[in-house]
Each structure stands twice: as C-alpha cells, then as structure tokens.
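Here is the structure we will look at.
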Amino acid sequence: MQYDQGFSDFFYTAPDGLRLHARVYGEANSGLWPVVCLPGLTRNARDFHELALHLSRQEKNPRKVIAFDYRGRGQSAYDPDVGHYNVGVEAGDILAGLAGLGIEQAAFIGTSRGGLIIHVLGAMRPAVLKAIVLNDIGPVIEVEGLAHISSYLERTPKPKTSAAAIDAQRRAHGDDFAALTEADWERMVSAIYRETEAGLVPDFDQNLVDTLVGLDFTKPLPDLWPQFEALAAVPLLAIRGGNSKLLSAATLEEMRKRHPGMEAITVIGQGHAPFLETGGLPDTIAAFLDRAEQQVQAK
C-alpha cells in the first residue's frame with residue numbers, strides 16, 4: 001500500500017478482458033458500509049482523493065473507500081471500441097471490480113455520469129445499493145448543461161504547464177465556480193491532467209468526445225424517473241451546485257416529492273459539479289452515511 005498517499009492501487013479485469021483500475025482507501029474492514037465513488041464523464045478516481053481520505057480516516061466511523069477509473073480514464077486501459085463507452089458497460093465494470101474486492105453491498109457516491117451509473121446499478125443489482133449520494137445529477141439532464149459539456153470537450157484546452165491549465169480552467173468555468181480558492185483550482189487541474197514529456201494532457205481517451213456526437217441538443221433528453229423511483233427505499237442525499245446547468249432546481253424539487261426521505265443541499269457559488277472536498281461537504285457526507293446506516297440497522 002502507498003501509505004504516504006493513503007491508498008492502494010487495485011487493478012482488475014473487466015468482463016470483456018480490459019484492464020481497469022481503482023483506488024482503495026482504508027484497507028482495514030471496519031464492519032461499516034464501504035463507499036464506492038464514481039466520477040463524471042471524463043473524470044477519474046483522483047477527483048475523490050480528499051473526500052476519500054476524510055471518510056477513511058474518520059475517528060469514530062472510518063470507512064473503506066473505493067474510487068474507480070472507468071475504462072478510458074485515469075489508469076484504466078482505453079477501449080478500442082468507442083461504443084463500449086456507455087453507462088451500461090461501465091456499470092458492469094463496477095460490479096466486476098466490487099466482485100474482485102469481495103464487496104457485495106456499499107454506499108455509492110456518484111458525480112454526474114457516476115450518478116447515471118448508480119441508476120443503472122439500481123436496475124441491474126438493487127441489493128448492492130445501501131445508500132446513495134448524487135452529486136449534481138438526477139433523472140432529468142438539462143440539454144443546456146450537456147451541450148455546455150459537449151462544447152467544452154470539443155475544445156478541451158491542452159496547456160503545457162499547470163499554471164496555464166489553471167488559467168484555462170478558470171476562464172472556462174470561473175463564472176460558475178466563484179466560491180473556489182486557488183488551491184481548489186490546483187487540485188482540479190492535478191485531477192484532470194497527467195504529465196507527459198510533451199507537457200500536460202487530459203487524462204482520458206479523446207474518443208469519449210465522440211459519444212456525444214449526434215445528440216440533438218434542441219430536444220429534451222430521455223429521463224430516468226422510473227429508475228429513480230426504484231431507489232425510493234434507499235437513503236439518498238442529493239447535492240446540487242447553485243449555478244448548475246445540468247441539474248435544475250425544479251428537478252431537485254421533483255426528486256424530493258418522489259423520494260420523500262431524500263435529503264438535499266445546494267452548494268452556493270459552484271456549478272456542475274460541486275467539489276465534494278470543499279466547504280463542509282466532507283463532514284456532511286460522512287454524517288449522512290452514518291445516519292443512513294444507523295437508520296437501516298434500526299429497522
């Protein structure tokens with residue numbers, strides 16, 4: 001284990017043979033629900049580093065945390081078939097990784113695409129979901145938000161230095177993330193780029209951009225209300241960025257109505273998607289997980 005970094009690397013084989021990667025924080029089995037962290041479309045396990053350290057090092061209730069790199073992201077192998085970059089295949093990859101780790105049930109934290117994968121897991125294997133945190137994602141994806149992501153990915157900055165990368169990210173997203181500090185922007189850049197001899201490069205397969213080609217951004221996207229309603233018995237915390245273009249306030253309110261036990265918070269000064277290591281979010285998430293586990297055990 002890489003004790004200085006607080007995690008170990010776990011490599012496993014996907015159902016179709018691709019070599020995939022996850023980070024495992026907190027090796028000891030505390031008897032509490034482990035936590036599975038699922039990132040956004042082009043993001044990777046590094047997005048959850050600070051949160052994973054926080055959850056795995058809680059004095060009273062330390063939890064094992066597994067943060068996944070989907071195929072084509074981070075340290076997972078790139079897929080030669082771009083058609084495999086879809087939430088169904090990726091959900092199957094997550095289940096394969098959990099099987100390799102001997103984990104049958106867990107709490108799940110999903111940012112953006114990660115939340116969509118949670119909806120799919122609820123249909124594929126509902127028993128695996130013990131509690132859910134949805135970070136700026138819900139059953140309805142606003143076309144404006146997805147169009148914004150698609151446009152950004154098509155012109156992904158390719159800076160040579162960290163300073164240039166921070167400047168590019170701030171220019172692209174600064175209006176939506178006024179609450180971020182310089183340290184926050186630095187962590188963001190270290191998470192989404194990797195260093196090469198030629199300089200920094202985005203740490204994902206550029207073919208992922210092709211998965212958004214052909215979408216008609218003038219029409220509403222199919223919703224996932226049936227899949228969301230199937231999660232009604234699972235403790236749920238929904239987090240929305242106050243400036244989010246992907247998850248609307250109206251959708252969040254409708255989620256409350258359809259999941260009466262759902263807890264929800266809006267993060268002021270952040271857009272899509274809030275940084276889960278900022279402000280009081282780590283403590284909020286830890287407390288939610290403890291509360292959810294206690295409630296389930298009391299039934």
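The values are calculated or read from the model by the stated rules, or taken from the named source; none is laboratory data. This structure is a prediction, so every number in the text was calculated from the model and none was measured. Please note: Cβ atoms are built from the backbone with ideal geometry, for glycine as well, and neighbour counts cover all protein chains shown.
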Considering region 146-163, residues that are more than 22 Å from the chain's Cα centre (by Cα) and touching a residue at least 40 places away in the same chain (Cβ under 8 Å), and then whichever is surrounded by the most Cβ atoms within 10 Å (Cβ to Cβ), we arrive at 159
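Conditions tested, residue by residue: (1) farther than 19 Å from residue 202 by Cβ; (2) buried (at least 20 other Cβ atoms within 10 Å of the Cβ); (3) within 21 Å of the chain's Cα centre (by Cα); (4) modelled with pLDDT of 95 or more.
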{"position": "122", "(1), (2), (3), (4)": "yes, yes, yes, yes"}
{"position": "126", "(1), (2), (3), (4)": "yes, no, yes, yes"}
{"position": "165", "(1), (2), (3), (4)": "no, yes, no, no"}
{"position": "168", "(1), (2), (3), (4)": "no, no, no, no"}
{"position": "177", "(1), (2), (3), (4)": "no, yes, yes, yes"}
Members of region 21-50 found to be farther than 13 Å from residue 191 by Cα, at pLDDT 95 or above and in contact with a strand residue (DSSP E or B) (Cβ under 7 Å, 6 or more places away or on another chain), listed by number: 21, 22, 23, 24, 25, 33, 34, 35, 36, 37, 38
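Here is a list: 221, 200, 215. Which entry is under 18 Å from residue 170 (Cβ atoms), at pLDDT below 95 and not aromatic (Phe, Trp, Tyr)?
It is 200.
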With respect to the numbered conditions (1) part of a loop (DSSP other than H, G, I, E, B); (2) acidic (Asp, Glu); (3) crowded, with 21+ Cβ neighbours inside 10 Å, which one is the sole condition not fulfilled by residue 27? (3)
Quick check on my filter: what residues within region 30-69 are touching a Phe, Trp or Tyr at 6+ places or on another chain (Cβ under 8 Å), among the small types (Gly, Ala, Ser) and either surrounded by fewer than 20 Cβ atoms within 10 Å (Cβ to Cβ) or more than 18 Å from residue 289 (Cβ to Cβ) (or both)? 45
Can you find a residue in region 243-259 that is touching a helix residue (DSSP H, G or I) at 6+ places or on another chain (Cβ under 8 Å), among the aliphatic types (A, V, I, L, M) and more than 29 Å from residue 154 (Cα to Cα)? yes
Looking for something over 19 Å from residue 130 (Cα atoms) and of a type in the set (Ser, Thr, Tyr) - is there at least one such residue anywhere in region 49-68? no
Scanning for something out of contact with any helix residue (DSSP H, G or I) (no Cβ under 8 Å at 6 or more places or on another chain) and among the aromatic types (Phe, Trp, Tyr), does region 222-241 turn up at least one residue? no
For region 42-59, check the following and say yes or no: at least one residue is in contact (Cβ under 8 Å) with a residue 12 or more places away in the chain, part of a loop (DSSP other than H, G, I, E, B), hydrophobic (A, V, I, L, M, F, W, C) and in contact with a Leu (Cβ under 8 Å, 6 or more places away or on another chain). no
So residue 110 ticks every box in (1) part of a strand (DSSP E or B); (2) of a type outside the set (A, V, I, L, M); (3) surrounded by fewer than 22 Cβ atoms within 10 Å (Cβ to Cβ) but one. Which box is left unticked? (3)
Go through 266, 278, 251 for me and flag whichever is under 20 Å from residue 183 (Cβ atoms), in contact (Cβ under 8 Å) with a residue 24 or more places away in the chain, of a type in the set (S, T, N, Q) and out of contact with any Pro (no Cβ under 6 Å at 6 or more places or on another chain). 278
Pairs only if they're at least six apart or on different chains, beta carbon under 6 angstrom, first in region 284-295 and closer than 14 Å to residue 64 by Cα, second modelled with pLDDT of 95 or more and part of a helix (DSSP H, G or I); list them, first residue then second. 286/55
So residue 71, is it closer than 16 Å to residue 14 by Cβ, touching a residue at least 12 places away in the same chain (Cβ under 8 Å), under 16 Å from the mean Cα position of the chain (by Cα) and assigned to a loop (DSSP other than H, G, I, E, B): yes
Could you list all residues from region 212-266 that are surrounded by 13 or more Cβ atoms within 10 Å (Cβ to Cβ), under 17 Å from residue 113 (Cα atoms) and not aliphatic (A, V, I, L, M)? 223, 225, 227, 228, 240, 241, 244, 245, 248, 251
Qualifying residues in region 181-209 (those that are closer than 10 Å to residue 165 by Cβ and touching an Asp or Glu at 6+ places or on another chain (Cβ under 8 Å)) - the one surrounded by the most Cβ atoms within 10 Å (Cβ to Cβ): 192
